[in-house]
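The values are calculated or read from the model by the stated rules, or taken from the named source; none is laboratory data. Keep in mind it's a predicted model, so treat the numbers as computed, not measured. Counting neighbours? That spans all protein chains shown, and the Cβs are built from the backbone with ideal geometry, glycine included. Surface accessibility is based on the protein's heavy atoms, side chains included, excluding ligands, DNA and RNA. Shrake-Rupley method; radii C 1.70, N 1.55, O 1.52, S 1.80 Å.
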Amino acid sequence: MEIRTANGKHTWKKEFLGGFLADLLGGFLYALGICFFAKSGNFAPGGISGLALMLNHLLDLPIGLMTLVINIPLVLLSWRIVGKKFLLKSFITMIICTVFVDVVFPYLPVYSGSGILAALYSGVCLGAGMALFYMHGSSSGGADFLIVSIKVLRPHLSIGMVTLAIDLVVILLGWPVFGSLDAVLYGLLSTMAASAVIDKIMYGIGAGKLVIIISNHGKAIASGIAEEFDRGSTMIRAMGTYTNEERGVLLCACSQVEAYKVRQLVNHIDGEAFVMITETSEVFGEGFKALDGKKDVL
């Protein structure tokens, strides 16, 4: 059985295998952040897993199972927004995470070093795990359902920042539960690290640069970019409102490394050219694939 996509054909088996491998790696990292670092450090990193950690600390209830139980009302609240497919994938992910948390990691040693390092590495592991889930259309459940729902309703918001805002409430509960202000500080540090890792993996890896060049030698610069970097560009004729002079505006989407080499090339061809390099997390989308085929951006 084959599924046709915009990028060609792939089998459903490959899609399932890719998602399963992402779940395994993400589940391991998730459990590593929760059990190996956060639990031993006596702090809650936020989210439903943080609430489950507190229940484990107070009542010795299994973390993974409690995460599943608390997820039930959140599933009922968000299923209309996130859809059945997302919920099904998330259910598989949650089961894998539960197995790692409640079955595998209790038999492994835990970290017993610095609390600050525990918080940092907990956040890195959790952020990397959750990013893997998000990238294949799944989640670890809990607050993730709310996060994805908010992302659907407000797509301009950063996933990392939404995560940080929701987790803050849970983290503050760590003060009375663990009986220490350090629990709050470590929880904040862990969540901030997780948010940064999520955004870096999901947006940073695909982030690129848009180089805007204003020059009277646009054609020569475009030819130089094509020859040097095998990259296309877009030429726009623009009129200055003050000087009433017509000049060429060249747009070139490229990688972060290439952007600064493009600047050097432009300065070599036209030392008086205006060059501006801007951040864009969407350069490596469908438009960038078209660019690789030497088509114009616009």
Report summary line: Within the stretch 195-222, residues being at pLDDT 85 or above, open to solvent by 20 Å² or more (accessible area, probe 1.4 Å) and of a type in the set (Val, Ile, Thr) number 3
Query raised in the report: Is the stretch 58-68 home to any residue that is among the hydroxyl-bearing types (Ser, Thr, Tyr), in contact with a helix residue (DSSP H, G or I) (Cβ under 7 Å, 6 or more places away or on another chain) and modelled with pLDDT of 90 or more?
Result: yes
Query raised in the report: How many residues does the stretch 159-179 contain that are open to solvent by 40 Å² or more (accessible area, probe 1.4 Å) and at pLDDT 85 or above?
Result: 7
Query - Residues (among the aromatic types (Phe, Trp, Tyr) and exposed (fewer than 13 other Cβ atoms within 10 Å of the Cβ)) located in the stretch 96-108 - result: TYR107
Query raised in the report: If you scan the stretch 77-94, which residues turn out to be open to solvent by 40 Å² or more (accessible area, probe 1.4 Å) and at pLDDT below 80?
Result: LEU77, TRP79, ARG80, ILE81
**Report entry** Inter-residue pairs, beta-carbon under 7 Å, first on the phi < 0 side of the Ramachandran plot and in the stretch 97-125, second open to solvent by 70 Å² or more (accessible area, probe 1.4 Å) and not in a loop (DSSP other than H, G, I, E, B), 6+ apart
**Finding:** THR98/LEU65; PHE100/PHE28; ASP102/LEU65; VAL110/LYS39; GLY115/ASP182; GLY123/MET192
Requested in this report: State the number of residues belonging to the stretch 109-127 that are surrounded by fewer than 21 Cβ atoms within 10 Å (Cβ to Cβ) and part of a helix (DSSP H, G or I).
Outcome: 5
Query raised in the report: Do any residues in the stretch 74-93 that are aromatic (Phe, Trp, Tyr) have Cβ atoms under 8 Å from those of residues that are open to solvent by less than 100 Å² (accessible area, probe 1.4 Å), where the two are at least six apart or on different chains, and which pairs are they?
Result: TRP79/LEU87; PHE86/GLY137; PHE86/SER138; PHE86/SER139; PHE86/VAL148; PHE91/GLY141
